1. Only residues that are open to solvent by less than 80 Å² (accessible area, probe 1.4 Å) and not in a loop (DSSP other than H, G, I, E, B): list them for the range 21-44, please.
2. From the set of residues in the range 40-69 that are among the aliphatic types (A, V, I, L, M) and modelled with pLDDT under 70, which is farthest from the chain's Cα centre (by Cα)?
3. Can you report the number of residues in the range 1-37 which are of a type outside the set (A, V, I, L, M) and in contact (Cβ under 8 Å) with a residue 12 or more places away in the chain?
4. Out of the residues in the range 1-20 that are among the β-branched types (Val, Ile, Thr) and open to solvent by less than 100 Å² (accessible area, probe 1.4 Å), which is nearest to the chain's Cα centre (by Cα)?
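The values are calculated or read from the model by the stated rules, or taken from the named source; none is laboratory data. Owing to the predicted nature of the structure, the values given are computational and were not obtained by experimental measurement. Cβ: placed from backbone, ideal geometry, glycine included. Neighbour counts: every protein chain shown. When the accessible area is computed, the model is the full protein with side chains, heavy atoms only, and any ligands, DNA or RNA have been set aside. Shrake-Rupley method; radii C 1.70, N 1.55, O 1.52, S 1.80 Å.
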Amino acid sequence: MNLLSLTNHRLVRDLTFLQNLLCDKTDSPSLLRHVNFRVPTCRTRNITPFIVPSCTMDYLNNEPLIHCI
């Protein structure tokens, strides 16, 4: 059988959800409001499209939207 590991399955699920949220297939303005886009003021080598907030507590890293980004 060709099953994904649980880690890979979670990653695929999170990325699919984020893509659906950004492409307006999932209608949730309240969640979309929490996605922070990175808009560089000048050209840099950093091409990360999102700003991932730093978490001061370990349990904050388990938030679903933080996981997706």
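1. 21, 22, 30, 31, 32, listed by residue number.
2. 57
3. Going through the range 1-37 one residue at a time, the tally reaches 6.
4. 16
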